[in-house]
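The values are calculated or read from the model by the stated rules, or taken from the named source; none is laboratory data. Owing to the predicted nature of the structure, the values given are computational and were not obtained by experimental measurement. All Cβ positions, glycine included, derive from the backbone under ideal geometry; neighbour counts span all protein chains shown.
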Amino acid sequence: MDSQDFENSTAGRLVETTIHLTHYRAFVPNPLPPEILPSWTLTRLVSEADRALSELAGVGRMIPEPSILIEPFMRREAVLSSRIEGTHTGFEELYGYESGHQLPGFSQSNSARLENQEVLNYVKALKSGMEWIKEKPVDLALLKELNQLLLYGVRGNESVPGEFREIQNFIGRTNNPEDATFIPPSVEELPGTLRKFETYLRSGNQYPSVVRIGLIHYQFEAIHPFIDGNGRVGRLLTILLMAAWNILPSPLLYLSAYFEQRREEYYQELLNVSKKGSWENWLNFFLNAIIYQAKDAVKRSTSLIDLREKWRKILNENNVSSHYYTIVDNLFKKPFLSVSDIQTLLGVTNKAARTMVMRLELLGILKIIEEKKYGKIFEAAEIIKILQMSYK
C-alpha cells in the first residue's frame with residue numbers, strides 16, 4: 001500500500017503497524033458519520049432508491065407465502081456473494097449439494113464439496129441473522145456469529161472463525177504485504193474502532209436509511225475486523241440492516257449481483273473513500289446498486305409468483321389432491337427432487353410418490369435430468385431459469 005495515497009484523506013488517518021516484522025502504515029477510518037455536502041444527484045438517487053424499495057416491499061407483501069421468494073433469493077445471493085470471493089458454485093450445483101443429490105456434470109471432488117458448503121454456509125448465516133434481528137439488535141456479537149457460521153468447516157476455518165483478528169491483515173492480489181492495495185486498522189486500533197462502529201449501528205442521524213447503510217458498508221469493509229470472510233459478512237450486514245430497520249418486510253434485496261458484475265468498480269469506489277474521502281461517488285454507486293437490484297428483484301419476484309400461479313392453475317384444472325400443491329410450493333425451496341424426497345415430504349408410500357412425480361412430469365412441471373434405473377432426479381427447470389436469467 002502506497003501510504004502517500006492516503007496521507008491527505010479526509011476519511012481517516014494512518015498509523016504504524018507490523019507485518020512479519022516489517023513496518024507498514026495502516027489506515028484507520030474516522031468514526032461515522034462523515035459530513036456529506038447535499039447534492040441534487042444524491043437527492044435524486046435517494047428518492048429513486050426509496051421508490052424502488054417501496055415497489056419491492058409491495059411485491060413482498062402481495063404473496064401469501066413469502067418463502068416462495070425468500071428461499072430462492074437467499075440462494076441466488078449466496079452464490080453471487082461467494083462468487084465475488086472466488087467461489088464458483090452455480091445455482092444447480094448448490095441446490096443439488098443441499099438436497100443430497102449428485103447431479104450429472106458436476107464434480108464430486110473434495111474441493112468442490114468445500115466450495116458448495118461454503119456457499120450453503122452463507123444461506124445458513126443469513127437465516128441465522130434473520131432470526132437474530134427478531135429478538136436482538138444488530139451489533140458486534142451478530143457480526144461474530146455470522147463470521148463463525150460462514151467459515152465453519154470450510155476454507156478460512158483455521159482463521160479463528162467468530163473472533164476479531166489479533167494479527168494485522170491486508171488486502172491485495174497476492175499474499176505479499178508489499179503488494180497490498182489496502183491495510184486496515186492495526187490490532188491496537190481495532191477494538192476502539194469497532195466500538196465506535198457499533199455505536200453508529202445503534203444510533204440515528206440526519207441521513208436517510210439507505211445512505212446510512214452505504215456508509216456502514218464502507219466502514220465495515222475498511223475496518224476488515226476478521227482474518228477471513230469480511231466481504232461476505234459486510235454484504236450480509238447490508239441485507240440484515242434493511243430488514244432490521246423495516247426498509248423491507250422480508251429479505252428480498254441483494255446487492256451482490258451488482259457488485260459481482262462491477263467488481264473492479266466496487267473495490268475502487270471503496271478504496272477511493274479511504275484515499276480521497278470520495279463519499280459522494282461511493283454513495284452514488286451504492287444507491288445505483290439498490291435501484292438496479294430492487295428493480296431486478298421486482299421482475300424476478302413477479303416471474304416466480306406468476307410461475308407458481310401457472311402451476312397451481314394446471315393442478316386445479318387436473319383436479320389433483322392437495323399433495324400436489326405441497327410439492328409445487330416445496331419446489332421453490334428445493335427445485336431438485338427424487339421419489340424418496342416426496343415420500344419424506346408427504347409421508348406417503350413409494351408407489352404413491354412415484355405416481356405423483358410421473359404426473360407432474362406429464363404436466364410439464366418437472367423434467368427428469370438423468371435416466372437411470374434407480375434414484376432418478378427431477379428438476380423444476382423453470383425456477384432455475386428465472387434465477388439465472390439476466391433482466392435488463
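Observations on the structure shown:
- Among the residues of segment 1-40, the one identified as free of Cβ contacts under 8 Å to residues at least 24 places away in the same chain, within 23 Å of Arg195 (Cβ to Cβ) and among the hydrophobic types (A, V, I, L, M, F, W, C) is Leu14.
- Residue in segment 143-159 that is within 24 Å of the chain's Cα centre (by Cα) and farther than 20 Å from Ala125 by Cα present: no
- Within segment 106-154, the set of residues being more than 14 Å from Leu240 (Cβ to Cβ) and polar (S, T, N, Q) comprises Ser107, Gln108, Ser109, Asn110, Ser111, Asn116, Gln117, Asn121, Gln148.
- Of all residues in segment 255-271, those that are within 19 Å of Phe6 (Cα to Cα) have Cβ atoms under 9 Å from Cβ atoms of residues that are polar (S, T, N, Q) and surrounded by fewer than 17 Cβ atoms within 10 Å (Cβ to Cβ), 6 or more apart or on another chain, in Tyr267/Thr181; Glu269/Asn281; Leu271/Thr181.
One line per residue, one yes/no per condition, for (1) buried (at least 23 other Cβ atoms within 10 Å of the Cβ); (2) outside any helix (DSSP H, G or I); (3) within 14 Å of the chain's Cα centre (by Cα); (4) on the phi > 0 side of the Ramachandran plot:
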position	(1), (2), (3), (4)
Leu236	yes, no, yes, no
Ile239	yes, no, yes, no
Ala243	no, no, yes, no
Ile247	no, yes, no, no
Leu253	yes, yes, yes, no
Glu264	no, no, no, no
Glu269	no, no, no, no
Asn281	no, no, no, no
Asn284	no, no, no, no
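- Looking only at residues in segment 1-30 that are surrounded by fewer than 16 Cβ atoms within 10 Å (Cβ to Cβ) and hydrophobic (A, V, I, L, M, F, W, C), the one that is farthest from Glu188 (Cα to Cα) is Leu21.
- Subset of segment 43-83 (residues that are acidic (Asp, Glu) and under 22 Å from Ile213 (Cβ atoms)): Glu48, Asp50, Glu55, Glu77
- Count of segment 332-386 residues which are assigned to a helix (DSSP H, G or I) and closer than 19 Å to Asn318 by Cα: 11
- Among the numbered conditions (1) within 30 Å of the chain's Cα centre (by Cα); (2) more than 19 Å from Gln168 (Cβ to Cβ); (3) outside any loop (DSSP other than H, G, I, E, B), the only one that Gln4 does not meet is (1).
- Among the residues of segment 318-331, those identified as among the hydrophobic types (A, V, I, L, M, F, W, C) and part of a helix (DSSP H, G or I) are Ile327, Val328, Leu331.
- Residues in segment 129-153 that are surrounded by fewer than 16 Cβ atoms within 10 Å (Cβ to Cβ) and among the small types (Gly, Ala, Ser): Ala141, Gly153.
- Ala297 modelled with pLDDT under 95 and either assigned to a helix (DSSP H, G or I) or aromatic (Phe, Trp, Tyr) (or both): yes
- All positions within segment 41-87 that are part of a helix (DSSP H, G or I) and free of Cβ contacts under 8 Å to residues at least 40 places away in the same chain: Thr43, Arg44, Ser47, Arg51, Ser54, Gly58
Quick grid of which residues meet (1) exposed (fewer than 14 other Cβ atoms within 10 Å of the Cβ); (2) over 34 Å from the mean Cα position of the chain (by Cα); (3) under 24 Å from Leu80 (Cβ atoms); (4) at pLDDT below 95:
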site: Lys333; (1), (2), (3), (4): no, no, yes, yes
site: Lys372; (1), (2), (3), (4): yes, yes, no, yes
site: Lys376; (1), (2), (3), (4): no, no, no, yes
site: Ile386; (1), (2), (3), (4): no, no, yes, yes
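- Residue in segment 198-205 that is within 22 Å of Leu14 (Cβ to Cβ) and charged (D, E, K, R) present: no
- Just one of the listed residues (Ala78, Ala57) is touching a helix residue (DSSP H, G or I) at 6+ places or on another chain (Cβ under 7 Å), assigned by TED's automatic domain parsing to the domain that holds Gln293 and crowded, with 18+ Cβ neighbours inside 10 Å, and it is Ala78.
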